[in-house]
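Notes to accompany the following structure.
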Amino acid sequence: MQALELDRKLEGNVVTDALHFEGALLHLLELKKQGLDVRIVQPTNEFRIDMHDLERVVDKDTKLIEVSSASMYNGFQHDLTAVCDLAHAHGAYVYADIIHSAGTGPFDVKASGVDFAACSSFKWLMGDFGLGFLYAKQELQDRIRRPVVGYYQTQRLDAFYPPNVPAGETAPIAYDFEHSAAGMFETGTLTGSPGVSVALLSASLGYIRELGVANIEAYRQPLIRKLQLEVPRLGFIPVTPPESTGGNVTFAKTNVGNSDLPKRLQAAKVNVRIDTHWMRISPSVYNDMADIERFLAALS
C-alpha cells in the first residue's frame with residue numbers, strides 16, 4: 001500500500017474478497033475508514049469467489065486487486081491468471097497472499113502473472129515466525145515509491161569519514177540502491193531471532209525440496225478426502241470447494257468454538273484451528289490416517 005501510495009493519496013479503488021486473509025482485510029477496512037474505496041466481493045453459496053462478481057466491481061479507477069491465492073479460511077483457490085488478466089486490462093496491479101500456496105503444491109509465482117506476492121515461512125514452508133518473503137516484478141520497481149529506506153537496500157554505500165573527506169562541499173555518503181525486491185523493501189538485518197528463523201528455514205526448505213511439493217500435495221489428498229467424507233456426517237457443513245488441492249479443509253457449525261469440542265480435541269492431543277463458527281484441519285506429510293481417525297474419534 002505504501003509503495004503504491006494508496007495509504008496516502010486514497011485515490012481510486014482497491015478490490016478484494018471476503019475469503020481473503022482476515023489480517024489483510026483488517027488493514028483494508030482501516031484504510032476504508034480513512035477514505036479509500038475498498039470493494040469486497042462476497043462468496044457464493046458454494047463458498048467460492050465467482051469471477052463474474054469480481055469483474056463487476058473492477059473498473060478504470062481500480063488500482064489494485066488484492067486476494068489470497070488459496071484462502072486461509074476454506075482453501076478456495078483463485079485462478080490467478082484470470083485475476084491478473086482482469087486487473088492488467090484495467091491498468092491495475094495484483095497482490096497475492098501466497099502463504100497457503102507456497103509449499104503446499106506446485107506453484108509458479110511468475111507464471112501466475114501477479115505483480116506482488118508475499119508469504120511467511122511459518123506455515124507450509126515449515127519454518128518459524130519472524131521471517132517472510134516478498135516478490136515484486138522487477139519491471140515495476142521504477143513505477144512505485146520506495147516505502148522505506150534502509151541500509152541493506154544498497155548495493156554500494158561509501159561513507160566519507162575523516163581523514164578521507166573529499167575537498168570542497170560534499171555529501172557525507174555516496175550510495176546506489178540494489179535494483180531488486182530487497183533493494184526496494186528490505187528493512188533490517190537477519191540477526192537475532194530472524195537469524196534463528198533463517199537456520200530453521202534452511203533445514204525445512206531442504207526437506208521440502210527433497211520430498212517435492214507435488215508429492216506433498218499427493219500424499220495429503222487421501223487424508224483430506226477422508227475428512228470430507230466423514231466430518232459432514234457428524235453435523236458439520238463442508239465449506240471447502242471439492243476441487244481445491246491445497247492443504248486446508250474447513251467445516252462450519254454454529255458456535256462450535258463455544259462447545260466442549262476444543263477441550264475434547266485438546267485431550268486427544270489434536271491441534272486444529274477452531275473459530276467461533278468453523279474449524280480448519282490442515283494435514284500434511286507429518287500426519288497419517290491414524291491421526292485422522294484420532295481426530296474423528298474425538299469429534300464424535
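The values are calculated or read from the model by the stated rules, or taken from the named source; none is laboratory data. Small disclaimer: the values here were computed from a predicted structure and weren't measured. Because the Cβ atoms are built from the backbone with ideal geometry, glycine has one as well, and the counts that use them run over all protein chains shown.
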Name the pairs whose Cβ atoms lie under 8 Å apart, with the first residue in the range 205-218 and among the small types (Gly, Ala, Ser), the second surrounded by fewer than 17 Cβ atoms within 10 Å (Cβ to Cβ), and 6 or more positions between them or separate chains?
Ala214/Pro106
So is Val231 closer than 28 Å to Gly127 by Cβ and either in contact (Cβ under 8 Å) with a residue 12 or more places away in the chain or not charged (D, E, K, R) (or both) or not?
no
Being over 13 Å from Phe295 (Cα atoms), modelled with pLDDT of 95 or more and touching a Ser or Thr at 6+ places or on another chain (Cβ under 7 Å) narrows Thr254, Thr250 down to just Thr250
Check Ala167 against each of (1) surrounded by fewer than 12 Cβ atoms within 10 Å (Cβ to Cβ); (2) among the hydrophobic types (A, V, I, L, M, F, W, C); (3) assigned by TED's automatic domain parsing to the domain that holds Met279 and name the one condition it does not meet.
(3)
Given the conditions (1) outside any helix (DSSP H, G or I); (2) closer than 17 Å to Pro283 by Cβ, and given that Ala174 satisfies all but one, which numbered condition is not satisfied?
(2)
When you check Pro222 against the structure, is it surrounded by fewer than 19 Cβ atoms within 10 Å (Cβ to Cβ) and touching a Pro at 6+ places or on another chain (Cβ under 7 Å), yes or no?
no
Determine if the range 18-34 includes at least one residue that is modelled with pLDDT of 95 or more and over 26 Å from Thr276 (Cβ atoms).
no
Is it the case that some residue within the range 199-215 is of a type outside the set (D, E, K, R) and touching a Lys or Arg at 6+ places or on another chain (Cβ under 8 Å)?
no
Can you pull out every residue in the range 229-259 that is touching a Pro at 6+ places or on another chain (Cβ under 6 Å), surrounded by 13 or more Cβ atoms within 10 Å (Cβ to Cβ) and part of a helix (DSSP H, G or I)?
none
Give the residues of the range 90-127 that are among the acidic types (Asp, Glu) and either buried (at least 21 other Cβ atoms within 10 Å of the Cβ) or more than 15 Å from the chain's Cα centre (by Cα) (or both), sorted by residue number.
Asp97, Asp115
Can you find a residue in the range 141-162 that is surrounded by fewer than 16 Cβ atoms within 10 Å (Cβ to Cβ) and modelled with pLDDT of 90 or more?
no
